[in-house]
1. Apply 1/(1 + (r/R0)^6) to the Cβ-Cβ distance of residue A:124 and residue B:100, taking R0 = 35 Å, and write down the FRET efficiency to the nearest 0.05.
2. For a label point 7 angstrom out from the Cα of residue B:429 toward its Cβ, which stretches of segment B:386-400 have the backbone nitrogen within less than 17 Å?
3. Just tell me how shielded A:99-111 is by partners: mean number of partner chain Cβ atoms within 10 Å of each residue's Cβ, no decimals.
4. In peptide B:433-441, what is the residue-averaged number of other protein chain Cβ atoms found within 10 Å of each Cβ?
5. Label residue B:458 and residue A:184 with points 7 Å out from Cα along Cα→Cβ: what is the distance between them in nm?
6. On a C-alpha basis, how far is the centre of segment B:150-170 from the centre of segment B:403-478 in Å? Whole number, if you could?
7. What FRET efficiency comes out for the pair residue A:224/residue A:170, r = Cβ-Cβ distance, R0 = 22 Å, nearest 0.05?
8. Residues of segment B:363-404 with the amide nitrogen closer than 15 Å to a label point 7 Å from the Cα of residue B:741, along Cα-to-Cβ, please.
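Since every read-out is calculated from the coordinates, none of them should be taken as a lab result. Keep in mind that what you see is a predicted model, and the values were worked out from it rather than measured. Reconstructed Cβ throughout: ideal geometry from the backbone, glycine too, with neighbour counts over all protein chains shown.
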Amino acid sequence: MMSAARLLARRLPSAANRANAAGQLRSMGHAQSFHINTPDNTPETYFDFTEENYQYVNKVLSKYPANYKQSAIIPLLDLAQRQHGGWLPVAAMDKVASIVEAAPSRVYEVASFYTMFNRTKVGKYFIQLCGTTPCMICGSEDIKKTIEKHLGIKNGETTKDGMFTLLEVECLGACANAPMVQLNDDYYECLTPKTMVELLEACKEGKPPAMGKWGSLPMNGQVSCEGPLGKTSLWEVPEPPKVNVERFKDGAVDPASVKAHMSY
Amino acid sequence: MKFNYDLEFKNNSNNNFWKQNTPLIEYCETLGINVPHYCYHKNLSISGNCRMCLVELKNSPKPIVSCAMNAKSCLANGDIHTNSSLVKKARENVLEFLLLNHPLDCPICDQGGECDLQDQSLFFGLAKKRFYSFKRVVLDKNIGPIVKTVMTRCIHCTRCVRFAAEIAGIEDIGMFGRGLHSEIGTYVEKVFQSELSGNVIDLCPVGALTSKPYPFVNRNWELKNITSIDFSDGFGTPIQLFLKNNQVIKILPGYEKATYKTNWISDKTRFSFDGMFSPERIIYSFLDNNQKESFLNLSWQKLFKELFCTLYFQSHLLKHYFHPCSITICLNKNISLEVLNLLHILTHKHSFFKLRQSESSNLNIDLEENFLLNSSLDEAKLAASDTCVLLGVNPRYEGPKLNLKLKSRCLKGNFKTITIGSLFNLTFSNITLSSNIQILKSLVEGNNLFCQEFINSSNPVLISNAEIFRRGDAYGISSMIKSLIKHINLYSQTNGRNHLNILSSTLNDVGFANFDNLRTIKNKDFRNSAGIYFINSSFSTSNVKKLLNLKLLNFFQSYKHKNKLLVTQGSSLEMSQLTNFKKSFDVTNHLHLPNTVFFENSGTYINTEGDINKVIKVITPLGQAKSDWQIIRKVFSYSKKIVFLTNFLKNSKIVFNSKNIHQFKSYVGFQYYAVSNLNNLTFQFVEKVTKFHLENLKFKPAQKKLFKSQLRFWLSDFYIDGKDINSKYSSTMIQCSKLSRLNNTNFKF
């Protein structure tokens, strides 16, 4: 295993450099497609869900037929990642595999396919910086430099105190409020180098700003994606889309109940 | 591979012979059109990700993937073009993309010459190169001593992944990562721990997975292809041998006679042949007479002279003591029918020789269906049944072919497998009732919860093996099975055939049982005989070891005869066993006669399904080795020259054991194979004739004794433990067994 890790350490940076120099490939936020043993991440490491999380596990499993337990792989992996501080050790994947009665490799496949699962250790605050075209035009390069300078890390690295990990990723879908970062689950948008530093400092104190009304936080005082000139459209509350009554003959569906059913 | 790409076909309403869900590609094949493909494989599920099998459908705007399309619906929609300009262009482009990241290392690739990608690039590929960027590099994975991986060459057809999940049942291989970074591997460093892992070498259409034990040995076109049969288990599966310079280079699955389809073969079949040619093999004769110099490399003539001088001397010496003297020939069940027959004639001609089998077997050999694998390999019969009982048998290791059939039946659904025996991962879902044989009793008496299920099931199948009948309570077990069949109507006799199946452990168990049930070697034989003659691996069987250990513990009295003669005829010798033997049985002369191994031999074997397999000699023997029949014929001819004084029975008279005579089969079998001297057949009962009575058919559990011991699988280590002679000397198998034992233990070293 050590030899594989060493080989990888020797190979990956050079491959990345070469790709960047040629301008053909970007890292695209991917990790390596196989497991490398580290002291805190071996197949023998202990992982188990907590008591409360087991209740959630049962809730998730109850949504699927008993012979389709594999459907619960993604929600359970997500749960495991949240419980384990934002990243998934192999032991957690094995645990999920044993819960859903699937082969471990099926769970590894899922976990390695989706980029929202971090299979190597990340900091407490996992900064995913959007670097795709709209953000780049609006200054994501500056934001990246600011973060790198302020934290003393480079793209893909973690600070020594284990607080921050920086990763440049592809479009996160908040182009209206570019540039933006995703800090763990939260979107911080309309960033400037100054507000980025403020955000990082707030995180260091353990008090990242709360999300705004619409589920994200534009850092320039906007409420949502209304733009610097304030609201220019949608002055009134628009009429809700017409519900096809035929489809809900048995009675209206309460959206809240749907969310509860989906266990959000 | 031959591509027949000039054929195009139109919807012809006469062509209605295909099945409902036949993929188009398979239908094309029946018409003689080979559509190029990578991911599609007849025996695996369809993934449709290589896009190589694109064909044009008349009404479809885009080319369609012929492996993932139903032939019937395609033909209903319009004509199909397999060689139109669109199809050609599509193939060209697909190949270009596949070759983007595929290294151009064909000269150093083991797959070269038998590589689908190479062939198809030649036929359908673009001659020019348009991409000059860097190629992807993928780390090689270590998945065990069987399969060598060069993962950069992988084109992600996922055949190996599907094979591991669907056929082998060990879901260790997967495709990890996404997009450009996806890799085939095991994610964590792991050995692909399947007894069928070697098949991925054949499956891989490129050189990503190649054979690790034989890298860089040959090119495909240099090899001579000969068909033979598998020697490692009871099935005698057809295999293809590839030879070069009188050496076996590789073994691939052969074609089934009935279906003309290739099969999966186990790693043991594929790679244990190097044990036959290992340095441990003894290919020269020697004579060790406890003096300072032992005679190595004697000529055969000298050898036999030496042997018979000794015998003659012994025979005359013992005459003065009035001891009937004999030579006990001890043999194993992996011997061919011809040799068995020859030995039989020899022992009838000269009663000086006695024939014994090395291990006991209490299997009832009256009727052929009592020791055959009657039904469980017949797919139609398996499909009709919905319950299978495995009694003390581990089909995964004892007969991988049987396990595959059961697994494929299990995957079709509505099939319950109930095992009685140790817990084991059979790679498909099964219920283990108990490991204790006493459970049979409760099943028969109707005390068990499963009895109800048996009654409700249709055409249940019972599979057991010949090895559990070696237990002391074998008669109890067989009577239990009999009553199960009768009383619970467990094994219904549909189509006039019994659904009781006995899986035999060696290639010629059935042939042996057809022939006769020989007596087992006992201490008495050691005591009374002047010499012991071991054929093949019968020397190192557990029974002989047990006798030896008991002797070492002074369990037996000292022997009357001193100066015994030991003859070993085999390709290898266990030295520790030999020294023990010499010490405890007072052997003065030890002769070793080197014989040939399986592929250097011709012979006839009857496999566990009752099929007769003829094997021809494919390579010339190494060193001084001679075939078994050659050696025994020589023994025969030399013994004619000597008149043994202790020939206590008249020649050409056949001795039948009174116990044996009622076993009709043994008589018929004898008549069948030893016709030469049956003209003056007279029977002489050497033992007291027991009164012949029909067995009391009413079940009386108290009469039949069943031990309370656990049912253990006789084959604990698949790779080196089997009953074939050579696998324990095979370096590949030793590595495999080391790894599997390491992975199956809780202790980490």
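1. Calculated transfer efficiency: 0.30.
2. The answer is B:386-389.
3. Working: counts 0, 0, 0, 1, 8, 7, 15, 3, 2, 8, 9, 2, 2.
Other-chain Cβ atoms within 10 Å of each residue's Cβ, averaged: 4.
4. Numbers: counts 0, 0, 0, 0, 0, 0, 0, 0, 0.
If you average over the peptide's residues, the count of other-chain Cβ atoms is 0.
5. 5.9 nm
6. The two parts, judged by their Cα centres, are 32 Å apart.
7. 0.45
8. none
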